Amino acid sequence: LTAPQSPMTEEARAFFQQAADDVAQPQKLYLAPSVLSADFGCLREALEDIRLGGAPWVHLDVMDGHFVPNLTIGAPVIKALRKYSQQVFDAHLMISNPEDFLQDFADAGCDRLTVHYEASEDPKALVQKIRELGMLPGITIKPNTPVDVVEPLLDDVALVLVMSVEPGFGGQKFMPAALDKIAQLDAWRKSRQLDFVIEVDGGIDEKTLPPVIEAGADAVVIGSSVFKTPDPVQTMRQFNKQLQALEEKRNAG
Ligand code: DX5
Ligand code: ZN
């Protein structure tokens with residue numbers, strides 16, 4: 001989290017302190033709204049909605065038209081948005097040659113940077129470099145990539161992102177095969193006493209959210225089920241309530 005650049009209210013300050021505290025508690029559940037499904041002409045307003053909705057993370061989908069068949073935003077846009085938000089910037093790089101751009105994303109103010117296993121010949125070096133640059137590294141796998149490939153990286157990453165749709169587009173249907181991957185990651189995390197966050201991305205709505213959390217995920221990316229609703233702020237508050245109930249259930253069990 002970076003220091004506020006404009007005068008903040010007490011309420012905003014308390015909110016951001018809470019968001020910062022949350023980062024230190026890996027077992028909490030995090031809502032990570034994806035601005036991919038917001039109006040790209042009004043991204044600043046989307047960030048304000050996320051703040052009012054009480055979501056601690058902002059998920060930023062970076063696509064290059066090469067690794068995935070779609071183009072979105074890059075480091076310059078993230079850098080421009082940084083000054084309007086104090087939430088955790090959780091960037092998901094869907095680009096080829098991610099190693100060429102790590103410094104740019106660090107300079108843009110990303111707190112977390114997640115790269116695709118499939119996009120790199122040396123994922124271990126890549127995640128180590130991300131950490132050296134002061135960001136929390138994540139590794140992610142496409143639906144057809146077996147979860148076993150990330151096992152040797154678990155000591156090095158702060159987060160594993162399980163894709164529950166083919167990366168490239170919002171609004172796709174959740175693929176239930178992601179649940180077994182989440183459960184396997186959670187089992188490794190427990191047996192090796194690690195504390196990486198398990199995040200899931202794609203097709204999450206109020207129906208797919210419970211099984212994802214029950215399988216062991218801690219962070220949920222939600223795009224269209226937030227920003228394609230008439231009142232995204234209320235929708236995020238509703239998702240937060242659902243997450244709170246699921247968290248209580250998890251702690252009780
Ligand atoms: C897809 C992106 C997702 C996307 C999810 O490539 O990684 O973050 O925004 O959108 P929904 O929630 O609509 O599936
Ligand atoms: Zn994403």
Handout entry: Extreme residue, surrounded by the fewest Cβ atoms within 10 Å (Cβ to Cβ), among residues of segment 131-156 that are among the β-branched types (V, I, T) and either more than 16 Å from ligand 2 (Cβ to nearest atom) or at pLDDT below 95 (or both)
Key = V149
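On the basis of being within 11 Å of ligand 1 (Cβ to nearest atom), closer than 16 Å to H59 by Cα, free of Cβ contacts under 8 Å to residues at least 40 places away in the same chain and not in a helix (DSSP H, G or I), does G168 make the cut? I'd like the intermediate steps shown before the answer.
Numbers: within 11 Å of ligand 1 (Cβ to nearest atom): yes; closer than 16 Å to H59 by Cα: yes; free of Cβ contacts under 8 Å to residues at least 40 places away in the same chain: no; not in a helix (DSSP H, G or I): yes.
It is false that G168 is within 11 Å of ligand 1 (Cβ to nearest atom), closer than 16 Å to H59 by Cα, free of Cβ contacts under 8 Å to residues at least 40 places away in the same chain and not in a helix (DSSP H, G or I).
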Completion exercise
Of those in segment 74-84 that are in contact with an Asp or Glu (Cβ under 8 Å, 6 or more places away or on another chain) and in a loop (DSSP other than H, G, I, E, B), the residue surrounded by the most Cβ atoms within 10 Å (Cβ to Cβ) is G74
Completion exercise
Only unsatisfied item for Q184, checking (1) of a type in the set (S, T, N, Q); (2) within 11 Å of ligand 1 (Cβ to nearest atom); (3) surrounded by fewer than 20 Cβ atoms within 10 Å (Cβ to Cβ), is (2)
Practice task
Given the conditions (1) within 16 Å of ligand 1 (Cβ to nearest atom); (2) under 15 Å from W57 (Cβ atoms), report the number of the one that G203 does not fulfil.
Solution key: (2)
Handout entry: Leading residue by the ranking (nearest to ligand 2 (Cβ to nearest atom)) among those in segment 202-215 that are under 15 Å from A177 (Cβ atoms) and under 15 Å from the mean Cα position of the chain (by Cα)
Key = G202
Practice task
Determine which single condition V162 fails, assuming it passes every other condition in (1) part of a helix (DSSP H, G or I); (2) within 14 Å of ligand 1 (Cβ to nearest atom).
Solution key: (1)
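The values are calculated or read from the model by the stated rules, or taken from the named source; none is laboratory data. Keep in mind that what you see is a predicted model, and the values were worked out from it rather than measured. With ideal geometry, Cβ positions are generated from the backbone for all residues, glycine too; neighbour counts draw on all protein chains shown.
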